[in-house]
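Trainee: Got a structure for you, written out below as structure tokens; questions coming shortly.
Derivation of every value follows stated rules applied to the coordinates shown; laboratory data play no part. Values in this document were obtained by computation on a predicted structure and should not be read as measured data. Cβ sites come from the backbone with ideal geometry, for glycine too, and all protein chains shown count toward neighbours.
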Amino acid sequence: MALCRRLARLAAHLQDPRKVAAFQRLCGVEGPSGWADAEQRDGGRGPVVNGGPPAAERAGEPGHPTGNGTVPGGAAPPQRWRRRPRRNSLTEEDGSQEFSTRSRFLYYLFSLGTELGNELFYILFFPFCIWNLDAWLGRRLIIIWVWVMYLGQCTKDVIRWPRPASPPVVKLEVFYNSEYSMPSTHAMSGTAIPLALLLLSYGRWQYPLMFGLILAFCWCSLVCCSRIYMGMHSILDVIAGFLYAILILIVFHPVVDLIDNFNLTYKYAPLIIISLHLALGIFSFTLDTWSTSRGDTAQILGCGAGVACGSHVNYIMGLKLDPPPSTLPLSLSSLTVTVFGKAILRLLIGVIVLLLTKVAMKKATIPLACKIFRIPHDDVRKARQRMEVELPYRYITYGMVGFSLMFIVPCLFHSIGLS
């Protein structure tokens, strides 16, 4: 019992938003003038519910729409270098909370760390790995990434802990503010991807083990610290995400070869994969009311299903993307200007194809889903908050992006002599 009480006190200490605010101040981040006293002036209202307005506004009192964990406070013109958080077009948050920072270097450094867990990074990293480095490695990384992110997003909607209260925390980002906080899925992906990359590539690629360990440590540390700096997670959220990712890796790393082999060779693999991922998406949509995490979950599952189906079609048609066994272990020593130029060209052409696929499928699936389920689509934002629209739109769109990544784009490269 004494141990449990000590652990509970430690957890409460690590979850304290004042620790997040202290780290932000250490890094030179400041809120508007009078920010520190805003909580007392507010009269003690606590954090709001996930994605909803403050209690006063729900009761009909005047207030300002805010996101998860946000408490309204006074705002005077900030000093020093001013910035505004990036807003999410699907939420009602106006992103108008300005902040100032004394260190542009740290701001850009931790912004980079945050982007290592965002869509922009994924749509560049995974294609580059599959098209230019090692498709065998890329497929396995995506399998692990899908399960890590799916379990992390579902766990958020089960635990339902709010974001750190603001104030005292300064929100440098509001893009994912409608989601719950525990665990940090950025910390999970920032832990799982570099560690899985090290576990899967060492021995298959020739490089010093110390280089891989340093890369994984720096990658993981940057992503985890960036979430505290941005004011989006408590220290406890980040630690829990780190440990949760390691636990998932322990479970899935030994069986990732079996999963990939099943995706490639089993006759009915595409049917099973599509059905399983769709069922998992429907289940995740029942865990809580709408937030951006639901769409992200369907997006991740759709991408994973598309990649698996594309890999299966490649295998059936004899389109081999994996390096021949005779070339193992692989090495970067043969890198030349010509090889590098072709790699950049493949990435540029391939990503354009993926983005065009995404835009085309989005234009087709949202109106179609609205028509099938008889949902008004005059306000697309509100329509996308309905499961009948959001799930098929995200699942089909990113399923086609994943399929294009593994099959259509490699076929294009083969036809134009870039394979």
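Trainee: Which order results if Cys218, Cys129 are arranged by neighbouring Cβ count within 10 Å, fewest first? Show your work: numbers first, answer last.
Mentor: On the way: Cys218 12, Cys129 18.
Ranked by crowding around the Cβ, least crowded first: Cys218, Cys129.
Trainee: Listed here are the pairs Lys171/Lys358; Lys342/Lys363; Lys320/Lys342; Lys267/Lys358; Lys342/Lys362; which of them are more than 26 Å apart at the Cα? Let's see the in-between values first.
Mentor: Working: Lys171/Lys358 30 Å; Lys342/Lys363 32 Å; Lys320/Lys342 19 Å; Lys267/Lys358 28 Å; Lys342/Lys362 30 Å.
With Cα atoms farther than 26 Å apart: Lys171/Lys358; Lys342/Lys363; Lys267/Lys358; Lys342/Lys362.
Trainee: I've got another one for you. Just flag the chymotrypsin sites (Phe, Trp or Tyr not before Pro) in the stretch 349-404 sitting in loop per DSSP whose Cβ has no more than 10 other Cβ atoms within 10 Å. Before the final figure, lay out the partial values.
Mentor: Details: sites: Phe373, Tyr393, Tyr395, Tyr398, Phe403; in loops: Phe373.
Passing both the DSSP loop test and the Cβ count: no residue.
Trainee: When a/c is below 1.5 the answer is rounded, else prolate if a/b is larger than b/c, else oblate, so apply that to the stretch 340-391 with a ≥ b ≥ c taken from the square roots of the Cα gyration tensor eigenvalues.
Mentor: On the way: a/c = 4.38, a/b = 3.84, b/c = 1.14.
Prolate shape, in that a/c is at least 1.5 and a/b is the bigger ratio.
Trainee: Can you sort Thr336, Thr357 by how many other beta carbons sit within 10 Å, fewest first?
Mentor: Numbers: Thr336 8, Thr357 21.
Arranged by neighbour count, lowest to highest, Thr336, Thr357 become Thr336, Thr357.
Trainee: Over the stretch 119-206, what relative contact order in percent results from Cα pairs under 8 Å that are six or more residues apart?
Mentor: Working: 56 pairs, mean separation 29.1, N = 88.
So the answer I get is 33 percent.
Trainee: Rounded to whole Å, give me the distance from the Cα center of the stretch 173-191 to that of the stretch 299-363.
Mentor: Using only Cα atoms to place each centre, the spacing works out to 28 Å.
Trainee: Another one. By counting other Cβ atoms within 10 Å of each Cβ, how are Ser178, Ser331, Ser100 ranked from fewest to most? Don't skip to the end; give the middle numbers.
Mentor: On the way: Ser178 22, Ser331 11, Ser100 18.
Arranged by neighbour count, lowest to highest, Ser178, Ser331, Ser100 become Ser331, Ser100, Ser178.
Trainee: Any idea what the relative contact order of the stretch 268-419 is, in percent, if you count C-alpha pairs under 8 Å spaced at least 6 apart? Before the final figure, lay out the partial values.
Mentor: Numbers: 141 pairs, mean separation 61.0, N = 152.
The value is 40 percent.
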